[in-house]
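Let me begin by presenting the structure, written as C-alpha cells, before commenting on it.
The values are calculated or read from the model by the stated rules, or taken from the named source; none is laboratory data. Computed from a predicted structure; not experimentally measured. Here Cβ is always computed from backbone atoms with ideal geometry, including for glycine, and neighbour counts include all displayed protein chains.
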C-alpha cells in the first residue's frame, strides 16, 4: 500500500470512530465554529466604531482574517499527531511502537487523528471569505484565485511547521510545551489584521522570524491589486507564501536532528 | 454566634483551601499561560493603538484606560467562567459524586467552594506575574504609556475591592450552573462549546462592551456577563463612578444572587435523579 492510500485509511478509520458519536461530533464542530467566529465580531466592532485603519476597510481586513483561518484549520487537521506528540507519544513511550512499524513516523503522526470538529474553523473562514468578497473590491480572476490558493497552502505549511517544531522540542523536554501556542494561535490572532498597523519590531518579527506576513499580508495585497504601503516590490507579493514551505522544510530538518537523539522514556 | 458561623463554614473553607493549594502546584502551566497572555495582550494593545491613531474621538474610553483594561483582562483571564470545572465531569463519570452525596454538607456550597478555589488558584499567580510585568517592569524600561496603570484614585481602588469579590462570586455562580449541566448530561464538551463564546463576547473580554455598536448598549449593560469584566474594570479606572459605580455593584450582586438561586434549584433536581456511574 502506498503512503497516500495508507493515509486515506487512517482518515477513514478516524472518521468512522467519530461517526459513532454523531451528536457529540456535530456539537463540537458547531462549538469550534462559534468559538473561532467571535473574533470577527471584535474586528467588525472596531472597524464599525473607528472607520478604516491603515488604509484598510473592514471587507479588506476580513480577507486577511479568512485566509489565515482557512490555512490554520487545514494545518490543524493534518498535524494532530505532532500537536500531542510530547504528551501522547514521547512521555508514554508510544513513539517506540511507531518507530517499529515499517512506515515513516511522519506519515503515522499525520494520520494520527483527523478531527471533524476542526472543520468548524474552516467553515468559519470560508464564511468570512464570502463576506469579504461581497464587501471588498475583489475580482476573483485566475491570478487572484491562484494567489489565494498559494497563500492558504503556504499558510498551512507554516502553521504545520510550527507544530512540527513544537513536537521536536518534546524530544528534549518530554512534555508538550504549550508555549508554542503563542506562535500558532497567537499567530492567527496577529495575522488576521493587516501588517502595516503594527509597530516596526513586530512587523519584522512577522516577516523574518515567523513569516506569517508572507502567507497573509503580501498575497492579500496582490489579490486586492494594491501596492505595499511599506514598500515591498510588486513581483514579491504573489510568491511570498513560498516562505511557508521553506519554514516547513527547516522545521523537518530540526525534527530529524531530534529524531537522531531520541531515547525512549522506557516504560 | 460568630463561633457558630465559623463552625458551619469550616468544611467549605477547608475544601476551598485544599483545591487552592493543589492548583498552585502547576507552576509550568501558570508560566505558559502567563507567556501566552503577555503576547495576547501586546497584540490587543497594538491593534487598539492603531485604531486610536485613526480616530481617537470615536472611542468611549481613553487609550491609557484601554491599555489598562487589556492587562487587567489578561491578568484575570483564568477567573472567567468559560469552561466547567473538569473535576465535576470526572466525579460524575467515575461515580465519585456518590461520596459527595454522602457528606453531611450542603452539596451546592461544597462544590461552589471547590470551584472558587480552582478559579482563584489559577488566576492569582498569573495576575501577580502580570502585575509585575505590565505594571512595574514596563514603566521601568520606559514603556510607561503601554503599562498597567494603578486605579484612578482612592475611591476607585476602594470600590474595586467589592467589584473584584463580586466578579469572582458571579463567575463561580455561572460555573456552578455549567457544572450542574455537565453532571446531568455527563459531557462537558457541549457545555463548554456554548459557554466559552458567550462569556468571551458578553463579559467584555473580547472588547469593552461600549466598543460594540451603540444600539446594543441597553442590552449589553444589564446582562449578567457584564459583571465579570466590563463593570469591575470600568470601576477600576473610574469610567463608572459615583452612582453608576454603585449601580454596577448592584447589578453584580443581583445577578450573583439570582444565578446562585437557579443553580441551587437545578442542582437539587439533578441530584434527585442522578444515576451513579461506575462502581
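When each of A:62, A:45, A:75 is tested for being closer than 30 Å to residue A:265 by Cβ and modelled with pLDDT of 90 or more, the lone residue that passes is A:75. When we screen B:7, B:25 for residues that are without any contact (Cβ under 8 Å) to a residue 12 or more places away in the chain and assigned to a helix (DSSP H, G or I), the only hit is B:7. Tell me yes or no: at least one residue of region B:127-145 is closer than 23 Å to residue B:192 by Cα and within 19 Å of the chain's Cα centre (by Cα). Among the residues of region B:127-145, not one is closer than 23 Å to residue B:192 by Cα and within 19 Å of the chain's Cα centre (by Cα), which makes the answer no. Inside region B:24-57, residues that are more than 7 Å from every other protein chain (Cβ to nearest Cβ) and under 28 Å from residue A:49 (Cα atoms) make up a count of 12. Of the residues making up region A:18-28, those that are under 16 Å from residue A:124 (Cβ atoms) and within 9 Å of chain B (Cβ to nearest Cβ) are A:27, A:28. Of the helices (runs of 4 or more DSSP H) lying entirely inside region B:155-258, those containing at least 3 residues that are at pLDDT 95 or above and over 28 Å from residue B:89 (Cβ atoms) are B:230-236.
Checking B:218, B:224 one by one, the residue that is touching a helix residue (DSSP H, G or I) at 6+ places or on another chain (Cβ under 8 Å) and either surrounded by fewer than 23 Cβ atoms within 10 Å (Cβ to Cβ) or more than 22 Å from residue B:78 (Cα to Cα) (or both) is B:224 and no other. When you look at residue A:196, is it within 14 Å of chain B (Cβ to nearest Cβ), more than 16 Å from the chain's Cα centre (by Cα) and within 27 Å of residue B:51 (Cβ to Cβ), yes or no? Yes; evaluated as a whole, the condition is true for this residue.
Scanning region B:78-98 finds one or more residues that are surrounded by 16 or more Cβ atoms within 10 Å (Cβ to Cβ), more than 14 Å from chain A (Cβ to nearest Cβ), modelled with pLDDT of 90 or more and touching a helix residue (DSSP H, G or I) at 6+ places or on another chain (Cβ under 9 Å). For region A:144-198, the set of residues classified as in contact (Cβ under 8 Å) with a residue 12 or more places away in the chain and in a loop (DSSP other than H, G, I, E, B) consists of A:174, A:175, A:176, A:177, A:192, A:193, A:194, listed by residue number.
Taken over region A:100-112, residues that are in contact with a helix residue (DSSP H, G or I) (Cβ under 6 Å, 6 or more places away or on another chain) and in a helix (DSSP H, G or I) amount to 5. Among the criteria (1) surrounded by 20 or more Cβ atoms within 10 Å (Cβ to Cβ); (2) in a helix (DSSP H, G or I); (3) touching a residue at least 60 places away in the same chain (Cβ under 8 Å), the one residue A:123 does not fulfil is (1). Looking across region B:142-154, the residues that are more than 14 Å from every other protein chain (Cβ to nearest Cβ) and in a helix (DSSP H, G or I) come down to B:144, B:153, B:154. Checked against (1) facing another protein chain (nearest Cβ under 7 Å); (2) modelled with pLDDT of 90 or more, residue A:54 meets all criteria but (2).
Screening B:251, B:177 for residues that are in contact (Cβ under 8 Å) with a residue 24 or more places away in the chain, over 15 Å from the mean Cα position of the chain (by Cα) and away from chain A (no Cβ under 14 Å) leaves exactly one candidate, B:251.
Residues in region A:29-71 that are in contact (Cβ under 8 Å) with a residue 12 or more places away in the chain and under 20 Å from residue A:223 (Cα atoms): 19 in all.
Of all the listed residues (A:119, A:109), the sole one being at pLDDT 85 or above and under 16 Å from the mean Cα position of the chain (by Cα) is A:119.
Residue B:186 fulfils the conditions (1) in contact (Cβ under 8 Å) with a residue 40 or more places away in the chain; (2) within 14 Å of another protein chain (Cβ to nearest Cβ); (3) within 17 Å of residue B:156 (Cβ to Cβ) except for a single criterion, (3). Only a single item in (1) in a helix (DSSP H, G or I); (2) more than 14 Å from every other protein chain (Cβ to nearest Cβ) is not met by residue A:92, and it is number (1).
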